[in-house]
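Before we start, here is the structure in question, set down as structure tokens.
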Amino acid sequence: MEPVAEALLNAYADPEVVELLINADGSVFLEKGGARLQAQAFRAGAADVEQFLRAALGRPEAFGPARPYADLSALDGSRVHVIAPPLVRGGLCVTIRKRPARRPNLGELARGGALTAGCAGFLKFAVKHHRNLLVIGGASSGKTTLLNALAALIPDAERIIALEDTPELTLPQPHALYLRTRLRDAAGLPDVTLRDLIVNTLRMRPDRIIVGEVRGAEAFDMLQAMNVGHEGVMCTLHANSAREGLQRLETLVMTSGVEMPLRAVRSTIVLAVDLLVVMGRLADGSRRVTQVTEVTGLELETITLSDLFLMEARKSAAKTGFALRPTGAMPRFYDRLRRQGEETPLEFFQEAAPGGRIDGSGAN
């Protein structure tokens, strides 16, 4: 193997490396942990990239005018995206998001500072009581990691079906099924989209549906599933705030080919979605929950929201930092639970709430 190809493989094998990027000009960048991208001293030629991809994927792959892009999975389950000329100037452009050996559970995320114990306790309570959750955030903000941690809290007795473009979720429950889309197949086989998978999932008796990422027309089918009795649905969505997440969801539904007035779309969202959990990547590279918001209703043409937890600036004589704090608002769904005779803990919303025992077990 050529020295540069071997250097790429060594970088890829580094457990601290989270992302590996090869640009069309041969430049190579790595991200380690929460640090910014680091440029590497070497450049990769076409033969180096080809050798590296063959080793990482475990098979040769051909790219060109007939197949100018593809989403692939490496042998270790890492997500590999390749885009080739003529869509890019120069050589292959490769973006690899490495699959971690294990994902942290919710308790570990709380201890690591991604969210407070009180917020973690509340989210665990929401999962237990089958709230429909959207995890919202920008690229590389930790959405999938949080989704995996929340889904790991589902009781072992429930049948979970996870739908993904690229295998990223790893759940501890014994009754978890993983379905995967098939796009841009080199053999010319027909596409299988997330929309196809959701339709099939509804016939498979799921207790919980987990969608790795909603990014297209499947948004409508997911909302319909929530509205016909499938509770405890969870998914991720690209956006930078709770409000922006709902606006993006509206847009996706409107592009699904189903003729619906905007008010009907918003009414469908209000009936389907319970909680929005926003992940953000801060200036220091850390990934944290910045907002937990409840969808509360529809007034005229506007979806109403209630922030339950918000990240705020916290200043001291020594430094300025950020802290996730309860806003003082109580969840509206607590009223429904009380009418059903359920206890509704309030300690999650105290400033220094312990949040109870938080772990990754589904046996709650």
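The values are calculated or read from the model by the stated rules, or taken from the named source; none is laboratory data. Because the structure is predicted, anything quoted here is derived from the model rather than measured. Every residue, glycine among them, receives a Cβ derived from its backbone with ideal geometry; neighbour counts consider all protein chains shown.
In region 100-127, how many are crowded, with 20+ Cβ neighbours inside 10 Å, charged (D, E, K, R) and part of a loop (DSSP other than H, G, I, E, B)?
1
If a residue must be over 21 Å from ALA117 (Cβ atoms) and part of a loop (DSSP other than H, G, I, E, B), how many such residues does region 285-304 contain? Steps first, answer last, please.
Residues of region 285-304 over 21 Å from ALA117 (Cβ atoms): 285, 295-304.
Of the ones still in play, those that are also part of a loop (DSSP other than H, G, I, E, B) are 285, 300-301.
Residues flagged as over 21 Å from ALA117 (Cβ atoms) and part of a loop (DSSP other than H, G, I, E, B) within region 285-304 amount to 3.
I'm told VAL258 meets every condition in (1) at pLDDT 95 or above; (2) of a type in the set (Val, Ile, Thr); (3) part of a loop (DSSP other than H, G, I, E, B) except one. Can you identify the failing condition by its number?
The number of the failed condition is (1).
Being under 28 Å from ARG159 (Cβ atoms), in a helix (DSSP H, G or I) and either touching a strand residue (DSSP E or B) at 6+ places or on another chain (Cβ under 8 Å) or among the basic types (Lys, Arg) (or both) narrows it down to one of ILE269, ILE210, so name that one.
Values: ILE210 fails: in a helix (DSSP H, G or I).
Being under 28 Å from ARG159 (Cβ atoms), in a helix (DSSP H, G or I) and either touching a strand residue (DSSP E or B) at 6+ places or on another chain (Cβ under 8 Å) or among the basic types (Lys, Arg) (or both) holds for just one of ILE269, ILE210, which is ILE269.
Then there is this: If you take the residues of region 328-364 that are basic (Lys, Arg) and at pLDDT 55 or above, which of them is surrounded by the most Cβ atoms within 10 Å (Cβ to Cβ)? Can you show your working first?
Let us first name the residues in region 328-364 that are basic (Lys, Arg), namely 332, 336, 338-339, 357.
Now restrict to residues that are at pLDDT 55 or above: 332, 336, 338-339.
Working: ARG332: 14, ARG336: 12, ARG338: 11, ARG339: 8.
Residue satisfying both the conditions and the ranking: ARG332.
Going through ILE154, ILE136, ILE96 one at a time, which residue ends up being surrounded by 19 or more Cβ atoms within 10 Å (Cβ to Cβ), closer than 19 Å to THR201 by Cβ and in contact with a Lys or Arg (Cβ under 9 Å, 6 or more places away or on another chain)? Give the steps one after another, and end with the answer.
Values: ILE136 fails: closer than 19 Å to THR201 by Cβ; ILE96 fails: closer than 19 Å to THR201 by Cβ.
None of the other options fit; the residue is ILE154.
Next up: Give region 184-219 a look and list any residue that's surrounded by 15 or more Cβ atoms within 10 Å (Cβ to Cβ), more than 22 Å from ASN148 (Cβ to Cβ) and either more than 18 Å from the chain's Cα centre (by Cα) or among the acidic types (Asp, Glu) (or both), or say none.
First, the residues of region 184-219 that are surrounded by 15 or more Cβ atoms within 10 Å (Cβ to Cβ): 192-198, 201-202, 206-215, 217-219.
Then keep just the ones that are more than 22 Å from ASN148 (Cβ to Cβ); that gives 192-193, 195-196, 202, 217.
Those that are surrounded by 15 or more Cβ atoms within 10 Å (Cβ to Cβ), more than 22 Å from ASN148 (Cβ to Cβ) and either more than 18 Å from the chain's Cα centre (by Cα) or among the acidic types (Asp, Glu) (or both): VAL192, ASP196, LEU202.
Which of (1) surrounded by fewer than 22 Cβ atoms within 10 Å (Cβ to Cβ); (2) closer than 20 Å to ILE198 by Cβ; (3) in contact with a Ser or Thr (Cβ under 8 Å, 6 or more places away or on another chain) is the odd one out, the single condition GLU259 does not satisfy?
(3)
A follow-up question, please. Any idea which residue in region 128-137 is farthest from LEU20 (Cα to Cα), counting only those that are within 16 Å of the chain's Cα centre (by Cα) and not in a loop (DSSP other than H, G, I, E, B)?
Within region 128-137, the subset within 16 Å of the chain's Cα centre (by Cα) is 132-137.
Next cut, not in a loop (DSSP other than H, G, I, E, B) only: 133-137.
Numbers: LEU133: 30, LEU134: 28, VAL135: 25, ILE136: 24, GLY137: 21 Å.
Ranking the candidates gives LEU133 first.
Here's a follow-up. Within region 138-156, count every residue that is under 13 Å from GLY280 (Cβ atoms) and more than 8 Å from the chain's Cα centre (by Cα).
Residues flagged as under 13 Å from GLY280 (Cβ atoms) and more than 8 Å from the chain's Cα centre (by Cα) within region 138-156 amount to 4.
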